[in-house]
Amino acid sequence: MPLEGDHAGDIGFESPDGPVCKFDSENGQIKPAADIFEGGVQFFLTSVADNDRALAERITRTNMKALPYWTAHPFDLLNGDQASEEEFNAAMAKL
């Protein structure tokens with residue numbers, strides 16, 4: 001999730017690559033990337049994407065690719081369509 005606004009305090013730990021969300025970490029370690037991606041999809045699916053999985057995946061990719069940790073540690077699920085600027089901004093406005 002975006003670590004801003006109501007979620008600014010959701011930092012689990014600080015990695016050398018930037019902050020890691022508390023929902024993406026366990027015992028001071030980052031969870032598997034595929035689990036984090038799916039968690040992001042589920043978060044956006046129910047909170048802003050009106051159960052449109054393809055949209056939730058695009059928003060998740062856009063969000064994750066903007067975070068320092070995932071810029072430094074890309075993985076296969078980040079390859080694919082991303083949300084347009086309009087889609088992403090509309091999703092963030094709903095949070």
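The values are calculated or read from the model by the stated rules, or taken from the named source; none is laboratory data. If you're wondering where the values come from, they're calculated on a predicted model, not measured in any experiment. Heads up, the Cβs are rebuilt from the backbone with ideal geometry, glycines too, and the neighbour counts pull from every protein chain shown.
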Condition check for Leu3: among the hydrophobic types (A, V, I, L, M, F, W, C) and outside any helix (DSSP H, G or I): yes
Qualifying position, being in a loop (DSSP other than H, G, I, E, B), of a type outside the set (Lys, Arg) and in contact with a helix residue (DSSP H, G or I) (Cβ under 9 Å, 6 or more places away or on another chain), among Ala91, Ala83, Ala56: Ala83
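For the subset of the range 39-53 comprising residues that are touching a residue at least 24 places away in the same chain (Cβ under 8 Å) and part of a helix (DSSP H, G or I), which member is surrounded by the fewest Cβ atoms within 10 Å (Cβ to Cβ)? Full working, then the answer.
So the first thing to find is which residues in the range 39-53 are touching a residue at least 24 places away in the same chain (Cβ under 8 Å), and the list is 40, 43-44, 47-49.
Those left that are additionally part of a helix (DSSP H, G or I): 40, 43-44, 47.
Numbers: Gly40: 22, Phe43: 19, Phe44: 25, Ser47: 14.
Looking at residues that are touching a residue at least 24 places away in the same chain (Cβ under 8 Å) and part of a helix (DSSP H, G or I), I get Ser47.
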Asp50 more than 19 Å from Asp6 (Cβ to Cβ) and at pLDDT below 95: yes
Residue in the range 26-43 that is touching a Lys or Arg at 6+ places or on another chain (Cβ under 9 Å), modelled with pLDDT under 95 and on the phi < 0 side of the Ramachandran plot present: yes
